[in-house]
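*Asks:* Here it is, the structure in full.
Derivation of every value follows stated rules applied to the coordinates shown; laboratory data play no part. These figures come from a predicted structure and were not determined experimentally. Here the Cβ is made from the backbone with ideal geometry for all residues, glycine too, and neighbour counts use every protein chain on show.
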Amino acid sequence: MSRWIPSLAALAVVAACSSEPPAAEAPSGPTRADSVQMAMAAFDAAAFDTISWESDQAAAERGGLVFRISCSKCHGDRGAGDGGFVLQGDTLRPPSFLAPDWRFANDPVGLRRQIFSGNVAGMPYWGLVGLKYRDIDAVARYVMGTLRR
Ligand code: HEC
């Protein structure tokens, strides 16, 4: 009987953590909302102040590379939201970056924060899963300077 006690305790922990709908995460790991929260807390807007590029061209080239590798499968090659990536059976249709009144059109800090922190609706939290500040800067410049131009 006593060997059941630890597994019951473990079950209680899993139950306590599972207020989210079942997602891709392992049941015992942090939820997606936890990770987005963590990324929001870790985001340092001032870290971009020290990034410099030898030219706008160099930034755009790097940003284009990052976009093709990390973003276009969901956002589409031109950022129109038509990448067609399927997540948990649903084809993602993120908002287009190209609308004239796009919410980040005049908000470069908000754009970098969004890329760094992601959200619970399917946007990855890149700051925690593989993009350095420099690449976030590059891809944000690419979105604003190349895709929206
Ligand atoms: C796995 C798919 C996926 C990948 C890969 C991805 N995104 Fe997203 N992204 C989304 C989804 C889905 C949304 C919309 C979430 C929502 O409904 O709020 C989104 C939202 C955004 C938004 C906010 C758009 C708006 O108008 O509110 C920005 C900016 C963004 N992504 C940038 C990027 C960048 C830059 C990359 C690459 C570094 C990237 N995303 C990679 C799925 C993805």
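*Asks:* log₁₀ I(q)/I(0) of segment 61-149 at q = 0.19, 0.21, 0.24 Å⁻¹, via Debye over equal Cα point scatterers, no solvent, to two decimals?
*Replies:* -0.84, -1.05, -1.41
*Asks:* Can you give the alpha-carbon Rg of segment 43-82 over 2.2 N^0.38 Å, where N counts its residues?
*Replies:* Computed over Cα atoms of segment 43-82, the ratio equals 1.41.
*Asks:* Using mean Cβ contacts within 10 Å as the protection proxy, how do 56-68, 82-94, 135-147 order, highest first? Before the final figure, lay out each step's value.
*Replies:* Numbers: 56-68: 16.8, 82-94: 12.9, 135-147: 21.1.
Packing proxy ranking, top to bottom: 135-147, 56-68, 82-94.
*Asks:* Also, I was wondering about something else. Given labels modelled 7 Å from the Cα in the Cβ direction, how far is it in nm from Asp77 to Arg93?
*Replies:* So the label points at Asp77 and Arg93 sit 2.2 nm apart.
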